[in-house]
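The values are calculated or read from the model by the stated rules, or taken from the named source; none is laboratory data. No experiment lies behind these values; they were computed from the predicted model shown. Quick reminder, even Gly has a Cβ in these numbers, built from the backbone with ideal geometry, and neighbours come from all protein chains shown. The accessibility values were calculated without ligands, DNA or RNA, using every heavy atom of the protein model including side chains. Shrake-Rupley method; radii C 1.70, N 1.55, O 1.52, S 1.80 Å.
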Amino acid sequence: MSSAVTSGIITKCLGGLYTVESPDGIYECKARGIFRNKGISPCAGDGVKLENGVISEILPRKNSIIRPPLANLDQLIFVVSTCSPAPNYLILDKFIAIAEYKGITPIVVITKTDLGDSSEICDIYGNIGIDVISVDYDSPETVDTVRKMLAGKISAFTGNSGAGKSTLLNAVDSSLNIPTGEISRKLGRGRHTTRHAELYKLSDGGYIADTPGFSTFETNRYDIIRKEELAGCFREMDEYIGQCRFSDCAHVCEKGCAVVEAVEEGKISRSRHESYKTMYEEAKQIKEWELK
């Protein structure tokens, strides 16, 4: 590679080696030692500048998640099945809150629609303006909707183990060839999960990353949300914030709380508010040193 500076995107990080895709080719390279000295780790999704075959600069990130380490995500896609496993609304709401906190667009994709009813999930999340797609493999247009949503974006998939992520991704892009019904090493879900994240280029443009299933995943490994910031991660509460009797209202069970009243009147989903209350109680237990 010449001394000219080129820019690109990191698609894979493994053992101190980085795969960078740039307009003029794909490079395997190392990063300058200065990043390590500053405690900065380049990660998949990072925009970078290369000089003499070495990453010389990491471009500003619009967001990042901790585990697996990924940067500059446009979308976080939650794959939820109608049954086997049944939807876990609390965990789903925790992930959606993290996406909102990070400025990542949350999208819900429902699988196994032939085996169970998807109307409750559609109602809860569709009513608050989150895109909800019910996938039916007998109706190719539903898969096509997911495919179009991924085009040109950097997206990560997550969901309960067994919800059908691999089946969905293979239907979206058959070149991925992800083994279904087993841990997929191809998308970094084997024993290298914590140190290996990889983006896969889709034939229609855009990149996808897979993340571990909910059952093996702690949302606080993505990030920690302070209790004061939590209401801002539930978009349906926005119009009621500031209307409560007390300015420091926690929106849990207080008298004169506009959010609690909206729940009682059916304007805010009860299951979403139950998730908020659980998360608020958990956030109260966080020690200040954990936020560092």
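Observations, loosely collected:
- Looking across region 65-86 at every residue that is part of a loop (DSSP other than H, G, I, E, B) and touching a helix residue (DSSP H, G or I) at 6+ places or on another chain (Cβ under 6 Å), the one that is most open to solvent (accessible area, probe 1.4 Å) is identified as Ile66.
- Being modelled with pLDDT under 95, touching a Cys at 6+ places or on another chain (Cβ under 8 Å) and crowded, with 20+ Cβ neighbours inside 10 Å holds for only one residue in Ile208, Ile225, and it is Ile225.
- Counting only strands (runs of 3 or more DSSP E) that sit wholly inside region 1-64, those with at least 3 residues that are of a type outside the set (A, V, I, L, M, F, W, C) are 6-14, 17-22, 25-31, 47-51.
- Elements of type helices (runs of 4 or more DSSP H) in region 220-292, at least 3 residues being in contact with a Leu (Cβ under 9 Å, 6 or more places away or on another chain) and under 18 Å from Ile130 (Cβ atoms): 270-284
- Residue in region 42-61 that is closer than 19 Å to Ala99 by Cα, under 26 Å from the mean Cα position of the chain (by Cα) and open to solvent by 20 Å² or more (accessible area, probe 1.4 Å) present: yes
- Residues satisfying the stated conditions in region 127-146, i.e. part of a helix (DSSP H, G or I) and open to solvent by 60 Å² or more (accessible area, probe 1.4 Å): Pro140, Glu141, Thr145
- The lone exception for Leu230 - which of (1) surrounded by 15 or more Cβ atoms within 10 Å (Cβ to Cβ); (2) on the phi > 0 side of the Ramachandran plot; (3) modelled with pLDDT of 85 or more it fails: (2)
- Matching residues in region 246-292 - criterion: being open to solvent by 70 Å² or more (accessible area, probe 1.4 Å), farther than 22 Å from Asn88 by Cα and among the acidic types (Asp, Glu): Asp248, Glu261, Glu264, Glu265, Glu288, Glu290
- Scanning region 156-205 for residues that are surrounded by fewer than 20 Cβ atoms within 10 Å (Cβ to Cβ), assigned to a helix (DSSP H, G or I) and at pLDDT 75 or above yields Thr167, Asn170, Ala171, Ser174, Ser175, Leu176.
- Taking (1) touching a strand residue (DSSP E or B) at 6+ places or on another chain (Cβ under 8 Å); (2) under 15 Å from Ala209 (Cα atoms) in turn, Arg67 satisfies each apart from (1).
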